[in-house]
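*Asks:* This is the structure I want to talk about, given as structure tokens.
FYI, it's all coordinate maths here, none of it is from the lab. The model shown is predicted, which means the values in this text are computed figures rather than measured ones. Every residue, glycine as well, gets a Cβ built from its backbone with ideal geometry; the counts of neighbours run over all protein chains shown.
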Amino acid sequence: MRRILAAATLLVLASCNTYQDPYGSQPYPYPAPSPYPAPSPYPQEPYPSAPGQYPGGQPYQPAPPECLITSSRDWTAWINRMPGPNNGPMLVVTGKVVTPTGGYQVAFDRYMQIRKGYPAQAFVTLNVAGPGDSPASQAQVTHDVRWEWPLNQPVGSVIVRCGDKTLAEITRIQTAF
């Protein structure tokens, strides 16, 4: 009988889920609720802007590059697998772009991005440099652009970008042997 009473006492004591506050106040079923967050832990005035931030505390975010190309056409892409000194496959992209005035220089970025998947997509970027201090004509000028990139895998499409614009999506890609 003593064993049963001792076991019952232990069970009653084990079932009590009380918390004794270490600072001597009365026990709570759980730790005492605290006023978190404090009513006003931070000053109400805006903080001064840090270096690299705009006034008002906003972080610096560069604006997307502006694309000065007004139109484009005749985009083609093909894979060069012809024998020769550079016998690795090369992706060749050509097209025509129009800038608003003369004096602009247009060229492809030498780096290409590949989005893995099936079929893989290649992303190429056009860069446009302004006329600077040289005098520019006021007529629209057409530029022929062409570039080759080494290719390690087949691609299903090529996306041509300039700044935040997509100029073309080329899906018919031929292979020349």
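*Asks:* Near Thr175, within a Cβ-to-Cβ distance under 15 Å, what is the net charge of the other residues, with Lys and Arg +1 and Asp and Glu -1?
*Replies:* On the way: positive: Arg81, Arg172; negative: Glu148.
Cβ neighbours under 15 Å give a net charge of +1.
*Asks:* Quick one: Phe177, Phe108, Phe123, fewest Cβ neighbours within 10 Å first, how do they rank?
*Replies:* Details: Phe177 7, Phe108 19, Phe123 16.
With the fewest neighbours first, Phe177, Phe108, Phe123 line up as Phe177, Phe123, Phe108.
*Asks:* As a footprinting exposure proxy, order Val155, Val97, Val92 by other Cβ within 10 Å, with the fewest listed first. Provide the component values of the computation, followed by the final result.
*Replies:* Numbers: Val155 19, Val97 26, Val92 16.
Ordered by Cβ neighbours within 10 Å, fewest first: Val92, Val155, Val97.
*Asks:* Alpha carbon centre of region 153-177 versus region 106-144: separation in Å?
*Replies:* First find each Cα centre; the distance between them is then 13 Å.
*Asks:* Only counting other Cβ atoms within 10 Å, I'd like Ile4, Ile69 sorted with the fewest neighbours first.
*Replies:* Values: Ile4 8, Ile69 20.
Ranked by crowding around the Cβ, least crowded first: Ile4, Ile69.
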